[in-house]
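**Q** Structure incoming, see below.
Since every read-out is calculated from the coordinates, none of them should be taken as a lab result. Only a predicted model underlies this, so the values are computations on that prediction, with no experimental measurement involved. FYI the Cβ positions are ideal-geometry reconstructions off the backbone, even for glycines, and counts take in every protein chain you see.
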Amino acid sequence: MSTIARLCLLFAFPLLLSNSENAQQDFQGKAYYFSKSTMDLGSWGARMSEAQKKQVKARLKNRLEKTYVLTFDTAVSLFIEEEKVDAISGATDSWGSNFARGKQYKNVVDNQLVQAQEFYGKRFLVKDELQAIEWKMGTETKQIGAYTCFRATAVLPSTELSWYNFNWSDLRSSTASSTTEDEIKLTSIEAWYTLQIPVKHGPAEFWGLPGLILEVSAGNTTILCSEIVMNPKERKEIVAPDKGKIINKIDYRATIVGKMMEMRNNRGRRRRG
């Protein structure tokens with residue numbers, strides 16, 4: 001090889017590296033998801049007619065069926081729930097919005113979670129580490145749209161998947177004298193990811209696989225990707241939410257439970273008065 005050719009390669013190599021780095025920085029994708037949850041009416045439902053059950057499920061449709069958008073690049077992502085109007089009342093679900101997941105920012109390089117939450121008119125900015133997930137990789141595959149997906153499974157404490165949510169049973173557990181490891185509820189997770197999009201992102205709390213998660217089932221909820229747009233023409237910078245009182249997940253959870261306990265006690269005093 002001539003000296004001139006060697007010099008050309010020497011100067012071209014850093015240029016190729018620079019172009020590769022720019023391509024990674026410029027890369028962006030959008031994944032659209034929808035979720036469906038089943039509802040167990042329990043003993044209360046056993047006393048209801050089929051027509052009543054249908055009416056209840058219609059009322060709660062906005063909570064049982066949701067749509068989301070995940071915007072991502074190689075390092076960060078922003079997961080947003082699309083707001084829906086109640087088909088029956090024509091209004092948004094104000095009660096449910098207090099316990100809905102807010103804008104969720106994940107940085108898989110820095111292991112960082114930033115999530116905006118609004119609770120009864122107060123804004124919070126939840127900052128914490130990403131929930132560690134010990135995935136077990138399987139060999140099973142299936143096709144989701146144009147993508148070949150591989151199966152992975154994991155088990156997590158149920159509260160790690162719904163720390164921003166609330167159930168009245170939370171008050172009973174919070175007032176219990178002690179909690180043993182045997183009492184910790186666990187949720188089994190099944191995820192399907194594609195190596196065709198080699199990023200560690202996924203919807204909701206799920207992340208950490210060697211490809212984008214297109215489908216995930218946890219408890220009574222399944223989240224499924226319906227559309228993927230790679231390198232959209234209109235790109236927006238992926239930035240973390242920045243408004244609200246800074247708090248971590250454990251303290252935010254305690255804030256919710258404390259407020260709901262206060263509301264319950266106030267109702268009790270009014271009834272006795």
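**Q** Beyond 21 Å between alpha-carbons counts as too far, so tell me which of Lys36/Lys103; Lys66/Lys245; Lys106/Lys245; Lys106/Lys200 fall in that bin.
**A** From Lys36/Lys103; Lys66/Lys245; Lys106/Lys245; Lys106/Lys200, over 21 Å: Lys66/Lys245.
**Q** Could you work out the local net charge near Asn111, counting Lys and Arg as +1, Asp and Glu as -1, over the other residues with Cβ closer than 13 Å to its Cβ?
**A** In short, 0.
**Q** How long is the gain from Asn107 to Lys233 if the chain were fully straight, where each residue apart is worth 0.36 nm and the alpha carbon distance is subtracted?
**A** Additional length available on full extension: 43.1 nm.
**Q** Pull out the extension gain between Phe34 and Lys185, defined as 0.36 nm times the separation in residues minus the alpha carbon to alpha carbon distance; nm, one decimal.
**A** Residue separation times 0.36 nm, minus the Cα-Cα distance, leaves 51.8 nm.
**Q** Students often check this: by mean Cβ neighbours within 10 Å, which of 233-239, 255-261 ranks highest, and how do the rest follow?
**A** So the peptides 233-239, 255-261, ranked by packing, come out 255-261, 233-239.
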